[in-house]
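Presented below is the structure to which this report refers.
The values are calculated or read from the model by the stated rules, or taken from the named source; none is laboratory data. Nothing here was measured: the structure is a model prediction, and the numbers come from that model. Here Cβ is always computed from backbone atoms with ideal geometry, including for glycine, and neighbour counts include all displayed protein chains.
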Amino acid sequence: MGLRREARELALLMLYALDANPSAGLRETLRTFREERDEVTGRVREFAEGLVQGVSDRRGVIDEAIKARSRNWSLARMPRVDLNVMRLATYELMFRADIPKKVSINEAIEIARKFGDKESPSFVNGILDEIEACAKTEETGEEL
């Protein structure tokens, strides 16, 4: 497994933990993961924590983007794994120009396949494809 995939999976676990226990807060969650996962290399930890920080800082915008493309699904009804996989990928799609958009989507699909249920990969793919299409439209000014 590549370093970035490992980091994305770690970031998913951190976001899931934050979702399950929001009162712990970001700082405490990061500290707990550092202590409990001391085998994680510095580069993996740095990338994972950067993703988690980015998602946390922009969660409102990210959640709105997901909600706007989620027909018949409120965020509260979405499986937590799927939602947090999409949050990670949406953060990359919207705010990380250094990561190719197709890489972000493909990584999200693979992580959803590993951690979600059998429906997760297609659900995640459908919403992220729409987010990417909207991002392209906004960049070019063209309508799809």
| So which pairs qualify, if the first residue must be in the range 46-63 and under 15 Å from Leu93 (Cβ atoms) and at pLDDT 95 or above, the second must be surrounded by 19 or more Cβ atoms within 10 Å (Cβ to Cβ) and among the basic types (Lys, Arg), the Cβ gap must be under 8 Å, and the two must be at least 6 apart or on different chains? | Leu51/Arg8; Val55/Arg87; Arg59/Arg87; Ile62/Arg87; Asp63/Arg87
| said: Out of Val44, Val103, Val124, I need the residue that is closer than 16 Å to Leu13 by Cα and not basic (Lys, Arg). Which one? | reply: Val44
| message | I need the full set of residues from the range 84-110 which are crowded, with 22+ Cβ neighbours inside 10 Å and either over 19 Å from Asp63 (Cα atoms) or among the charged types (D, E, K, R) (or both), in order please. | response | Arg87, Glu92
| Hits in the range 6-53 (condition: surrounded by 14 or more Cβ atoms within 10 Å (Cβ to Cβ) and of a type in the set (Ser, Thr, Tyr)) | Tyr16, Thr29, Thr32
| task | Can you give me the number of residues within the range 90-120 that are over 12 Å from the mean Cα position of the chain (by Cα), within 17 Å of Arg77 (Cα to Cα) and not charged (D, E, K, R)? | result | 2
| field | helices (runs of 4 or more DSSP H) within the range 1-83 that include 3 or more residues under 17 Å from the mean Cα position of the chain (by Cα), of a type outside the set (A, V, I, L, M, F, W, C) and farther than 22 Å from Lys114 by Cβ | value | 42-57, 59-68
| task | Test Leu3 against the criterion of being surrounded by 12 or more Cβ atoms within 10 Å (Cβ to Cβ), aliphatic (A, V, I, L, M) and over 22 Å from Glu110 (Cβ atoms), and give yes or no. | result | no
